[in-house]
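Enquirer: Please see the structure below; I have some questions.
The values are calculated or read from the model by the stated rules, or taken from the named source; none is laboratory data. Note that the coordinates shown come from a computational prediction; the quantities given were computed from them, not determined experimentally. Heads up, the Cβs are rebuilt from the backbone with ideal geometry, glycines too, and the neighbour counts pull from every protein chain shown. Surface areas here come from the heavy atoms of the whole protein model, side chains and all, with no ligands, DNA or RNA. Shrake-Rupley method; radii C 1.70, N 1.55, O 1.52, S 1.80 Å.
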Amino acid sequence: MSDSGPETARVSAPVAIILFGSPGSGKGTQSKYIVDWLGIPQISTGDMLRDHIRRGTEIGVSIASRMRAGTLVPDELVNALVAERVARPDCAKGFILDGYPRTTAQARQMMRLLNPLGVEEVVIHLVVDYNVIIARMQGRRVCPKCGTLYNSVSRPPKTEGICDLDGEKLVVREDDRPEVVRERLEQYEAQTRPVIDFFRQDNHRVFDVDASRERPETVFSRIQGMLADIPGLTVKEVVV
Ligand code: AMP
């Protein structure tokens, strides 16, 4: 899921887009739009961790019960996964961080990692109302084969319960079960929300986007506008 696609626009400098928001705020959906637009890869720590579990690696075995319960996995582990990932050649033009950093310790480590890379860094904060999140996560389904996310309210499949792309039967992701959702939201409040204050105090560029009421396409056009407003960064459409 972290492969970059053919871009339709190009940025003048490498950019690190940090998508920040609670579970269910739409980070995954917005990441995919940005991947298609700029052709830079999405680095989703959640996807990387789930991949380890699927492959039954040593890391996967060590984190499976935490992931199932909706608690965060250790900082050192995700820091190491992200450091290895951003060093790969496909990140040279930039990348999207989806679901990282989730603690202030991770944010500090992220800065140590990004500073020497000379990337333009921008934090996009997807702001969503608590009740909207609960409703959204209850309607969430995923294709077990290709990973496409659907939502019975905001993004229904063409045929109920079936993936549009490969006809696979959609499932509820294990950590989208109601008791796990509650735990994930509590973890967000306690450990992740303080990261946004840390970014603000540390003079990072933080853009707040209302992701409660607007459709995903509208949220994406706001993000496009914000990136176009960054001094020193130009976004040019690619002519094919
Ligand atoms: P996500 O798909 O981003 O919602 O992540 C799913 C689960 O993976 C979370 O509930 C955590 O257990 C774990 N996880 C993902 N990213 C991180 C991170 N940056 N730090 C700690 N745990 C993470």
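Enquirer: Which numbered condition trips up V119, out of (1) within 16 Å of the ligand (Cβ to nearest atom); (2) in contact with a strand residue (DSSP E or B) (Cβ under 6 Å, 6 or more places away or on another chain)?
Expert: (1)
Enquirer: Looking at this structure, is G70 on the phi > 0 side of the Ramachandran plot and near the ligand (Cβ under 10 Å from one of its atoms)?
Expert: Taking the combined requirement at face value, the residue satisfies it.
Enquirer: So, one more: Is it the case, given these coordinates, that V219 is under 19 Å from the mean Cα position of the chain (by Cα), over 19 Å from E120 (Cα atoms) and either surrounded by 12 or more Cβ atoms within 10 Å (Cβ to Cβ) or in contact (Cβ under 8 Å) with a residue 24 or more places away in the chain (or both)?
Expert: Judged against the criteria, V219 is a match.
Enquirer: Looking at D129, D164, D175, can you tell me which residue is over 16 Å from the mean Cα position of the chain (by Cα) and within 13 Å of G24 (Cβ to Cβ)?
Expert: Going through D129, D164, D175 in turn, just one is over 16 Å from the mean Cα position of the chain (by Cα) and within 13 Å of G24 (Cβ to Cβ): D129.
Enquirer: Within segment 142-155, can one find any residue that is touching a helix residue (DSSP H, G or I) at 6+ places or on another chain (Cβ under 6 Å) and among the β-branched types (V, I, T)?
Expert: no
Enquirer: Another question, then. Pick out the one residue from T148, T104 that is within 15 Å of the ligand (Cβ to nearest atom), out of contact with any strand residue (DSSP E or B) (no Cβ under 6 Å at 6 or more places or on another chain), open to solvent by less than 40 Å² (accessible area, probe 1.4 Å) and among the polar types (S, T, N, Q). Please lay out each step first, then the result.
Expert: Numbers: T104 fails: open to solvent by less than 40 Å² (accessible area, probe 1.4 Å).
Exactly one residue qualifies, and that residue is T148.
Enquirer: Take the residues of segment 151-205 that are buried (at least 17 other Cβ atoms within 10 Å of the Cβ) and of a type in the set (S, T, Y): which is farthest from A105 (Cα to Cα)?
Expert: Y188
Enquirer: Look through A9, A87, A69 and report the one residue that is out of contact with any Ser or Thr (no Cβ under 7 Å at 6 or more places or on another chain), farther than 28 Å from A190 by Cα and open to solvent by 10 Å² or more (accessible area, probe 1.4 Å).
Expert: Step by step, each of A9, A87, A69 is checked, and only A87 is out of contact with any Ser or Thr (no Cβ under 7 Å at 6 or more places or on another chain), farther than 28 Å from A190 by Cα and open to solvent by 10 Å² or more (accessible area, probe 1.4 Å).
Enquirer: If you don't mind, another one. So which pairs qualify, if the first residue must be in segment 117-132 and over 18 Å from G94 (Cα atoms) and surrounded by 15 or more Cβ atoms within 10 Å (Cβ to Cβ), the second must be at pLDDT 90 or above and among the aliphatic types (A, V, I, L, M), the Cβ gap must be under 6 Å, and the two must be at least 6 apart or on different chains?
Expert: From residues that are over 18 Å from G94 (Cα atoms) and surrounded by 15 or more Cβ atoms within 10 Å (Cβ to Cβ), the pairs are H125/I196; H125/V206; L126/V209; L126/A211; V128/A211.
Enquirer: Further, regarding this structure: Restricting attention to segment 164-178, which residues are away from the ligand (no atom under 16 Å from the Cβ) and out of contact with any Lys or Arg (no Cβ under 7 Å at 6 or more places or on another chain)?
Expert: Passing the criteria: L165, G167, K169.
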